[in-house]
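Each remark here refers to the structure printed beneath this line.
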Amino acid sequence: MSSPGGDQELVRDVLRHLIGVVHAMKEHVMSIAKEFDLTLTQLDAIKNLGEPCSQRELAEHLHFDASNVTDIVDRLEARGLVTRTVDPSDRRIRRVVPTAEGEAVRRKLFERAVAEAPINSLTAAEMTKLRDLLAKIAEPVDLPI
């Protein structure tokens with residue numbers, strides 16, 4: 001049976017390339033995280049702190065159990081990148097808030113991630129074509145910056 005988009009070998013080849021792009025982006029982000037002395041999980045936590053949130057909300061964004069986020073936040077707090085504050089509407093809840101330093105690190109991380117992304121080897125015309133093709137198969141996600 002043939003696929004609507006072409007033969008199966010072509011589909012497999014395109015999938016291999018898409019997975020390769022995912023791996024290249026992960027390696028790219030891992031190298032930047034390492035330069036900032038962060039784990040990927042810590043980087044992901046910082047990425048998700050555009051707005052202060054509870055540890056439970058952060059856990060949901062990270063797809064972790066809430067108890068696992070405590071250690072991540074503890075380490076970021078020890079580095080001075082986040083603080084915990086009491087939620088004014090419910091004193092039982094602690095909000096995780098990026099510090100000025102944490103916000104600066106967050107901004108630098110993602111400026112570098114975009115500026116040095118592997119996709120920058122394409123011309124503007126190639127990027128436009130690729131964006132238009134990808135738009136046919138997936139909705140874009142918001143970037144943190």
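In a GNM of the chain with a 10 Å cut-off on Cα contacts, which of Asp13, Asp74, Asp37 has the highest mean-square fluctuation?
Looking only at Asp13, Asp74, Asp37, the largest GNM fluctuation is found for Asp13.
Expected output is a single nm value to one decimal: the length gained when fully extending between Val114 and Leu130, i.e. 0.36 nm times separation in residues minus the C-alpha distance. What is it?
Separation in residues times 0.36 nm, less the Cα-Cα distance, equals 4.1 nm.
What percent does the relative contact order of the chain come to when contacts are Cα pairs within less than 8 Å and at least six residues apart?
It rounds to 21 percent for the chain.
Take each uninterrupted DSSP H stretch in the chain, measure its Cα extent along the helix axis, and return the ones at 20 Å or beyond whose mean Kyte-Doolittle hydropathy is at least 0.0.
8-35
Given 0.36 nm per residue, what is the gain on full extension from Asp90 to Glu103 after removing their alpha carbon distance, in nm?
That pair, Asp90 and Glu103, stretches by 2.2 nm at full extension.
Please report the equivalent ellipsoid semi-axes of the chain, computed as sqrt(5 x eigenvalue) of the Cα gyration tensor, largest first, in whole Å.
36, 18, 14
Only the coordinates and a few stated rules stand behind these numbers; no lab work does. A quick note: this is a predicted structure, and the numbers were derived from the prediction, not measured.
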